[in-house]
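Reviewing the structure listed below.
A short reminder: the numbers here are calculations on the coordinates, not readings from a lab. Only a predicted model underlies this, so the values are computations on that prediction, with no experimental measurement involved. FYI the Cβ positions are ideal-geometry reconstructions off the backbone, even for glycines, and counts take in every protein chain you see.
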Amino acid sequence: MKQAESQKPMAANLPLILFSLSLACSPPAETRPPGAKPDAAAPASAQQPDGWERDLRPVEATNVSTDPGIVRVRLRAAPTEIEYTPGVKTRVWSYNGSVPGPLIRAKVGDRVIVTFVNELPEESTIHWHGVRLPAAMDGVPGHSQPPVAPGEEFQYAFVVPDPGLFWYHPHVQSAKQVGDGLYGALLVEDPQEPQDLGDELVMVLSDMSLQPDGQLSPPDTGGDTGSLFGREGERLLVNGRTNPVLLARPGRRQRWRLVNASRTRYFQIALEGHAFTRIGSDGGFLEAPIVEERVVLTPGQRADVLVTPRGEPGSELPLRWVPYDRGYGSTFKVPEKRLATIRLSERAPVTNAPLPARLRTIARLDPAGATVQDLRLTSTVVQGKLVMGINGIPAGQGQPLPARIGQTQLWNVTNEIEFAHPFHLHGFFFQVVSAANAQGPLPAGPLEWRDTADVPALGKMSLLVRFDERPGMWMFHCHILDHADAGMMGELLLER
Ligand code: C2O
Ligand code: CU
């Protein structure tokens, strides 16, 4: 591929460009959309107050299979109207009429069969983010399958080999289609895991950009500046609800399974006077629980956290979204926002079962003999247009990285841009070896399996990945979907 003609770094234009970006945010509205009827109700907890999660209970998919080892679900993507503001019907895109789409529950080793019906006016697919499935089921048009045309169907069928929280979204015009409401969670449960970690709730975190008329902002709002910064919606959603109320029994542990499904927004969450105990991330449990004051999720990432709300019965704790510095201007005049409210109930406090000191063992990948790949996350202006890429090459124009089954590779990812990029690899988990921001190395986190990891602004991130028995073409890209669509995406060809 030819080098871009103008190599002018985007950073030179940033102050001017970003000055015109509206970073102002409106206060959280107290409304919540009625959404669609749940396909099924989530199991209630005996320990929490009645209806404790009613306000934010996820809509669940209906499993029509009678075979205990098979989960069979239908997902119909279609335009829908949801009332986010009283009296205003916002036109969104949804799976089965709800945003987020229904939560799919499976057990490790189950076969998941999803009939995807496309009733959108444009092509789409479903990508199963984080699931170690065959390349043919990965939902990438051109590599895995042809795109599913309007009015057509496609059947996805794969085994879920790993426990954890995963999610699904289109891989066609992802920024627009995800931004319009197409995303949902897939929870793979492990019947062997320790009992009673806490009363569990899946929370899909996202945002949405509503114009004054109550309709979604156009997907290209702000032009190239919008793409470079990434488009954040001013309305924060938890399972599609604005500032929902979660009832909590004081002292009783809750387990939150979080996924960040927004197209650009990082979620850094904090609960006044409380710390989180994080027990897992993208690829299941950590080796041991760690205590974190704040939990950060880049777009695409998941977190499995325990929280034990405490306080006076009747009092309220705000769950806050706290601005996260992901680069130029991302914290400038950005106020904190309320994400949800925890209301403490009157029920007598309880004590919780002790937490296991160890949750699992993760074998550290061996860098000795690993094949090294150097990747630079780049951004240039070509004939006045923003072009993002990897090693200067935009999506689809370069050669795929080569890999062999059984091989371990060390990827050194260097970020040449003044914005952080959440780097996502399809189909495989990796271990982050090191990370640095512009000031220097960052402290190492716990050993964990990730499929998405942050590369700080003007920083670096190195990862180790071992390629198992699933040949084919796999994508890697920035999970700020505006960046992926602007070209920050590459391919890996895994062969025998
Ligand atoms: Cu969730 Cu290719 O991404
Ligand atoms: Cu990016």
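Observations
- Restricting region 325-357 to trypsin sites (Lys or Arg not before Pro) that sit in a DSSP loop and have at most 13 other Cβ atoms within 10 Å of their own Cβ leaves K333.
- Computed E for E193/Q383 - FRET, C-beta separation, R0 45 angstrom, nearest 0.05: 0.25
- Restricting the GluC sites (Glu not before Pro) of region 248-333 to loop positions (DSSP other than H, G, I, E, B) with no more than 14 neighbouring Cβ atoms within 10 Å leaves E272, E293.
- 14 Å beta-carbon shell around G164, net charge (K/R +1, D/E -1): -1
- Antiparallel %, DSSP beta bridges [both residues in the chain], to 5: 75
- For the chain, the spread of Cα positions along each principal axis, largest first, Å: 67, 51, 50
- Between D366 and R76, the C-beta separation translates, for a Förster distance of 60 Å, into a calculated FRET efficiency of about 0.85.
- Span from the region 259-300 Cα centroid across to the region 194-233 one, whole angstrom: 17
- Considering only beta bridges that DSSP places wholly inside region 119-210, some 90 percent are antiparallel.
- Whichever aspartates and glutamates have a C-alpha closer than 19 Å to that of K337, once near sequence neighbours (fewer than 8 apart) are set aside: E30, D55, D207, E232, E234, E272, E293, E316, D325
- For region 315-394 and region 99-142, distance of Cα centres in Å: 23
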